[in-house]
Amino acid sequence: MLFDGKLVREECLKKLKRKYSKIHVGLVVIQVGDDFASNKYIAQKEKLANELGVDFQLVKLEKTTTKKLCDLIDTFNKDSNVHGIIVQLPIPKELDYDVIRNQIAPNKDIDGVNDVNVLRVFNHHPDALVPCTALGIMKILDYYKIPLEGMDVTIIGRSIHIGKALFSLLLNRNCTVTICHSKTKDLKVHTKKADMVISSVGKANFITQDMVKKDVILVDVGFNYLDGKICGDVSKDVKHYQYLTPVPGGVGQMTVYSIYENLIKAYELNQK
C-alpha cells in the first residue's frame, strides 16, 4: 500500500485553514544565492502562504557574511509582526550555519534547527518546534494509524532536520531506533531486521529488495533525478512492503505543510 501524502496534506489543511482565518501571521524566508531547487521550494512555500493568508516576505541576498546575516536575523527576531524565520538551505560554504541557525529566536525557529528546539524535541517538550520533514513523516504515520510502540526502526541519515529529529520523535513514541550513516559498516544488517526503514540518503535505487524484510514499512525521503524523472531512494524493484511513501507524492507533500503548522505554533508561543 502507498501512503498518500497529498491526501494527508489536504485533510490536515482543512483544520489549518480554520486556524489561519482567525489570525494574522508573518513569515520571513532568507535566501543567500540563487539555487534552482531552492527557488522552486520557496515558490511552493509562498503559494501555500498566499492560500492561508500569511504575510510572506522573501529576503534574497546575492552574498553576505555570517555576521551580517546574523544581524539581519536579529532584526526579525525583534519584529513583533514576524512570527517565523527560515534561512533557506543550501547556503554558501563560507557561512557558518551552526552560528546562523542558533541566531534565530527559538520561538520563531519554524525549521526547528536552533539547539534549543533540538533539545526540546529530544526531551519531548511541549514548546518544541519540530523540523518540518520529520514532523510531516510523523503526521503521515499517525494518519494511517501505524502502531509505533515497540517497533524496530532504522533511519539512514543523521542530519538535524531529519535523522536526529526522527530519532528523538520515534524514541519518545517507544520505538527502538537505530541511526545509520555513511560510516556504518554493514548497513544491511540494520535494515534487514527493521520493521520500518526511513531513508534520506539522496541516491536513486539505494534501497533494494535484499536490504529489507517482507512487509517492511518504507519511508522514502530521497529526492533524486534519474533519466530525467524524479525518484526516491527506494528502488522500483522493491515489491514486498507493507507501506511505502512514494516519490513524488509522499513525504514532500507534508514538508511544506508542516512549515505552516509550525508557524501557527510559533505564533502562539510568541503571544505568550
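Just so you know, all these numbers are worked out from the coordinates, no wet-lab data involved. All of these numbers come straight from a predicted model, not from anything done at the bench. As a convention, Cβ positions derive from the backbone with ideal geometry for all residues, glycine included, and neighbour counts pool all protein chains shown.
Mind giving me the nanometre distance, one decimal, between the label points for Val59 and Glu10, set 7 Å out from Cα along Cα→Cβ?
Reported label-point gap for Val59 and Glu10 is 3.7 nm.
Once the piece of chain linking Leu269 and His240 is laid out straight, how much longer is it, given 0.36 nm per residue of separation minus the C-alpha distance between them?
Extending this stretch completely gives an extra 6.1 nm.
With runs of 4+ DSSP H residues as the only contributors, calculate the mean residue ellipticity of the chain at 222 nm using -39,500 (n - 2.57) per run, divided by the residue total and rounded to the nearest 500.
About -12000 deg cm²/dmol.
What fraction of the DSSP beta bridges in region 132-253 is antiparallel, stated in percent and rounded to the nearest 5?
Antiparallel bridges make up about 15 percent of those DSSP assigns within region 132-253.
Please state, as a whole number in µm²/s, the translational diffusion coefficient that the Stokes-Einstein equation yields for region 116-180 at 25 °C and 0.890 mPa s, with Rh defined as the Kirkwood radius across alpha carbon pairs.
The calculation lands on 209 µm²/s.
Rounded to whole Å and ordered largest first, report the semi-axes of the equivalent ellipsoid of region 182-241 derived from its Cα gyration tensor (root of 5λ).
In descending order the semi-axes read 19, 14, 9 Å.
Give the percent of DSSP beta bridges with both residues in the chain that are antiparallel, rounded to the nearest 5.
The answer is about 10 percent antiparallel.
Taking K and R as +1 and D and E as -1, what net charge do the other residues with C-beta under 12 Å from the C-beta of Thr255 add up to?
Summing Lys and Arg as +1 and Asp and Glu as -1 gives +1.
Loop only per DSSP, at most 15 neighbouring Cβ atoms within 10 Å: give me the chymotrypsin sites (Phe, Trp or Tyr not before Pro) in region 139-207, ordered by residue number.
Tyr144
Do me a favour and compute the ellipsoid semi-axes for region 148-196 from its Cα gyration tensor, root of five times each eigenvalue, largest one first, whole Å.
Taking √(5λ) for each eigenvalue gives 17, 14, 6 Å, largest first.
Run the paramagnetic zone check for Tyr97: 7 angstrom along Cα to Cβ, then residues of region 111-131 with backbone nitrogen under 15 Å.
111-115, 131
Any idea what Rg and Dmax come out to for region 132-253 if you just take the C-alpha atoms, in Å?
13.1, 40
Let me know the longest stretch in the chain that avoids all GluC sites (Glu not before Pro) found in a DSSP loop with at most 15 other C-beta atoms within 10 Å.
Value returned for the longest uninterrupted segment is 150-272.
Strictly greater than 36 Å: what percent of every Cα pair in the chain meets that?
Cα-Cα pairs in the chain separated by more than 36 Å: 14 percent.
Of all trypsin sites (Lys or Arg not before Pro) in region 130-175, which ones are in loop regions per DSSP and have a Cβ with at most 14 other Cβ atoms within 10 Å?
Sites meeting the loop and neighbour criteria: Lys145.
In Å and from the alpha-carbon atoms only, list the Rg and Dmax of region 23-106.
So, for region 23-106, Rg and Dmax equal 12.7, 39 Å respectively.
May I ask you to derive the FRET efficiency for Arg18 and Tyr144 from their Cβ-Cβ distance with R0 = 30 Å, giving the value to the nearest 0.05?
In this case the efficiency is close to 0.85.
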